[in-house]
Every structure is written in structure tokens, then in C-alpha cells.
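A short worksheet on the structure shown next.
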Amino acid sequence: MASTSRKIILGAGVCVLGLYVAGLVVGRVHAVSTLNAETIANAVPDVAVISPRHTSPKVALTLPGTIDAWYSAPIYPQVSGYVQMWYKDYGAQVHKGDVLAEINAPALDAQYAQAKADLAAVMAKYNLAVVTANRWRTMAKSQSVSGQSVSVSNANEQSANAEVQAAQRNVDHFEALERFKQIVAPFDGVVTSRSVSVGDYVNNGGGGLNATGAASELFTVADTHKLRLFVSVPEVFSYILQDGLTAKVRVPQFAGKTFDAQYIASSHGYDPNTRTAVTEFTMENPDHLLWPGTFASIALSAQNTSAKLFEIPTGCLVFQEKGMQVAVVDQSNHVHYRNIKVGRMADSSTEIQAGVTPEDRIINNPPADLLEGDPVHVVTPARGYDQSGATEGSEDSDDNGDE
């Protein structure tokens, strides 16, 4: 009886062990099968595709710019001396000819006095030369003196007259400099800068010296009844710069308010470092709301001259030795590279002149190791992966021309 019980227990243990071993084998086989399936699936890359779409009939872009005064004049002294007094401070409204400051220039005063004294001296010599020449000419009529003596007397008179003229010009020079002792406004405007105080020493034509040893202006006067707006336009959008172009301007200090600016000129040349053209607009500023030096956001819009072309995200472009290409997914989800001809290129989108159709499924940001004929798995990315929101079959877009 006891022997039978032991056999039963032993048989049960063997069965349990067999079931455990079988479970391990089955689990290992299942894990290997699952791993093989995952490996095969992971070998096929996931890609997001987009369809080419027509460009917008209008191009719109927003660029940073700087507002500047219609006229802005840094004012330097024309005489050396000490600032005796300044009369206009920051923000003061001034008219043409208003005195901004006065300079005490004793050295100039002494030179002016010396020039007037020199003029008086040569004037006295000239008067004597005139009297002498008249006497010699009178005596020459009676043949009592030689012609040579009369000629010398006439020459002395002319020489004295030339010295008087030279001395007079020297006096005029110092008289002009004396007027520069008063610093005056060159036109109606506002004082945007004052860099001097009473007692400062200023240099002839150089103003005061700053920490680097360079000359600085005494005042800056700006005419702000109109303003100039400067913006650097990328070369791919320079075709919109035409007469009649109007820009919408926004500034940080007036949120929600827009100002109009009219295009007047461009540099007709590109900066080789930025590939942009400096463009100038003009703005009316009758209430003086806007100040020179303001940062501005400029919105430009115009008719798109390439409205019939297709547009794709710039990330779709593939640079190969054969030229510019895109990776197209066929109906069997295999990749084929296709040559294209590109038009205008921007940071986010590129115009395609030839090589694509609206039905093409083009890979956005294709992997670098993707080869011709490779299989792919097409997925729909989450919103935000492609900022334009373009996915397969998508028709919505933000604004094709908005850069």
C-alpha cells in the first residue's frame, strides 16, 4: 500500500516537472517568434508622407524692422572750450535756430581780437600806401619824378590792399567761429540725446571723448513728423518690392494697433552675409506716437507670381549627387527617388517647378539611410510634427506664403 502511494507521488512529480519544462520551451519559442516578428517589423521604417499642394495666390511674410527718424543730426562743436550752459534736455521740442548750449572759448576770443588788431594794422599801412601813391601820381603829371618811382608806389598800394583783404578774411573766419560758440538746432525736431554737462571740455569738431577715446556728439536732434522704416527682405521675396507696396507695422508699446508704411526704395543689392536687401518705407507720425529706434514687426503681402506651382515642406528635399530629389512612396509602400526642379526656397517651404504631381506621396524628413526600393510603413504623425499640418491627403494649410 505504501509502495503504491510512493509511485503515485513520484508519477505526479514527474508530470509536474514535464509540464514545467514544456511551459519553458513553449515560452522560449513564443519569445523567439515574437522577437523575430518585431525585428522584421522594425526593419521597415515608419515615415510620414505629404501631398504637394498649390501655392497660395498671395505671398505674405512678417519681418523684423527698425523705425528711424526722418532726419537725425548728431551735433558736434566747431570750437574748443568749456560748456558754459546747456538749455535743452532730453525730449525737448526745438525749432530751427534754437540755442541748445553755449561754449566758453577764451582762446578763440583772443585769436579773434588778434585778427581784428592785425586788420587795423594793415588797414593803416594801406591808407598810408594810398596817400603815398596819390602823391607820386600827382608829381608824375609834372614830370618831376621818374616813371619807375610811380610804378613802385602803385605796386605798394596794391600789395597793401591785398594784405587788407587777407586780414579781413581772417577776421571773417574768426567771426564765423565765434558764432559756433552757440550750439543751435539745425531744424525743427526733438532732442533725443544730450551728452554734455556744464564745465565739460569739448574739442573742435570732435565733441567730448568717451571711454574708448572716440569723439561723441553733444546733442542729437531728430525730426519725427515722418519716420523711416528699415527692413531686410530676403532675396527670394525681393520681387514683391514694387511701387505702391504697403506694409502693416506693429510695435510692442501699442499692442493691437497697426500703422501703415509706404515703400519708397530698396538697396538694389544683397548683403552677401545675410542674402537680404535693405528696404526703406516711410510712415506718417503727426502725433509723434512712434519714436526713433523702435523695433517693429512688418507684415508684407503681395500677389504670388508662382501661384500655379506646387509647394512642399523644405524638409522633404534630398540633396544627392544627381541633383535635388524627393522620396516618393508608391502604392506598394516602396520608396523611389525622383528628380525635381525647385523654385524659390524658404525656411519652411519650397516651390517645385517640375517633377511632382498632386497625387504623389512624398516622405517628409526622409531617413538618411533610406535607399531606392526600400519598403516603408506610412504613419500619420501627431499634429505638430509637421508645423504646416500637411499629411497625406490633407487639404488644410495655414498660409502657404506666410514665412
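Quick one: would you say residue 48 is in contact with a strand residue (DSSP E or B) (Cβ under 9 Å, 6 or more places away or on another chain) and at pLDDT 70 or above? Let's see the steps before the verdict.
On the way: in contact with a strand residue (DSSP E or B) (Cβ under 9 Å, 6 or more places away or on another chain): yes; at pLDDT 70 or above: yes.
Against the criterion (in contact with a strand residue (DSSP E or B) (Cβ under 9 Å, 6 or more places away or on another chain) and at pLDDT 70 or above), residue 48 qualifies.
Could you run through the stretch 334-355 and say how many residues are under 15 Å from residue 372 (Cα atoms), in contact with a Lys or Arg (Cβ under 9 Å, 6 or more places away or on another chain) and surrounded by 15 or more Cβ atoms within 10 Å (Cβ to Cβ)?
Quick first cut of the stretch 334-355, residues under 15 Å from residue 372 (Cα atoms) only: 334-339.
When the remaining residues are screened for being in contact with a Lys or Arg (Cβ under 9 Å, 6 or more places away or on another chain), the result is 337, 339.
Checking which are surrounded by 15 or more Cβ atoms within 10 Å (Cβ to Cβ) leaves us with 337.
Here the count works out to 1.
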Practice task
Read through the list (1) at pLDDT 90 or above; (2) in a helix (DSSP H, G or I); (3) aliphatic (A, V, I, L, M), then give the number of the only condition that residue 24 fails.
Solution key: (1)
Practice task
Considering every residue within the stretch 135-142, establish whether at least one is touching an Asp or Glu at 6+ places or on another chain (Cβ under 9 Å), buried (at least 16 other Cβ atoms within 10 Å of the Cβ), among the small types (Gly, Ala, Ser) and assigned by TED's automatic domain parsing to the domain that holds residue 173.
Solution key: no
Problem - Meets criteria (in a loop (DSSP other than H, G, I, E, B), crowded, with 19+ Cβ neighbours inside 10 Å and at pLDDT 80 or above) for residue 358 - result: no
Completion exercise
So, first residue under 25 Å from residue 291 (Cα atoms) and modelled with pLDDT of 55 or more in the stretch 199-223, second residue basic (Lys, Arg) and surrounded by 14 or more Cβ atoms within 10 Å (Cβ to Cβ), Cβ within less than 7 Å, six or more apart or across chains; the pairs are 219/194
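If we only count strands (runs of 3 or more DSSP E) wholly inside the stretch 41-128, which ones have 3 or more residues that are in contact (Cβ under 8 Å) with a residue 24 or more places away in the chain and within 30 Å of residue 301 (Cβ to Cβ)? Working first, answer last.
Numbers: elements: 46-50, 58-75, 81-86, 99-104.
Output list reads 58-75.
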Fill in the blank from the handout: If we keep only residues of the stretch 327-355 that are of a type in the set (D, E, K, R) and at pLDDT 80 or above, then the residue nearest to residue 275 (Cα to Cα) is 351
Fill in the blank from the handout: In the stretch 114-133, anything of a type in the set (A, V, I, L, M), more than 22 Å from residue 154 (Cβ to Cβ) and surrounded by 15 or more Cβ atoms within 10 Å (Cβ to Cβ) is listed as 115, 119
Problem - Contacts under 9 angstrom Cβ, first residue in the stretch 351-369 being more than 15 Å from residue 338 (Cβ to Cβ), partner in a strand (DSSP E or B) and among the basic types (Lys, Arg), 6 or more apart - result: 351/344
Completion exercise
Within the stretch 133-188, restricting to residues that are of a type in the set (Val, Ile, Thr), modelled with pLDDT of 85 or more and part of a helix (DSSP H, G or I), the one that is nearest to residue 102 (Cα to Cα) is 171
Handout entry: Given (1) in contact (Cβ under 8 Å) with a residue 60 or more places away in the chain; (2) surrounded by 14 or more Cβ atoms within 10 Å (Cβ to Cβ); (3) closer than 22 Å to residue 234 by Cβ, number of the condition residue 285 does not satisfy
Key = (3)
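The values are calculated or read from the model by the stated rules, or taken from the named source; none is laboratory data. As the structure is a computational prediction, the values presented were derived from the model and not from experiment. Heads up, the Cβs are rebuilt from the backbone with ideal geometry, glycines too, and the neighbour counts pull from every protein chain shown.
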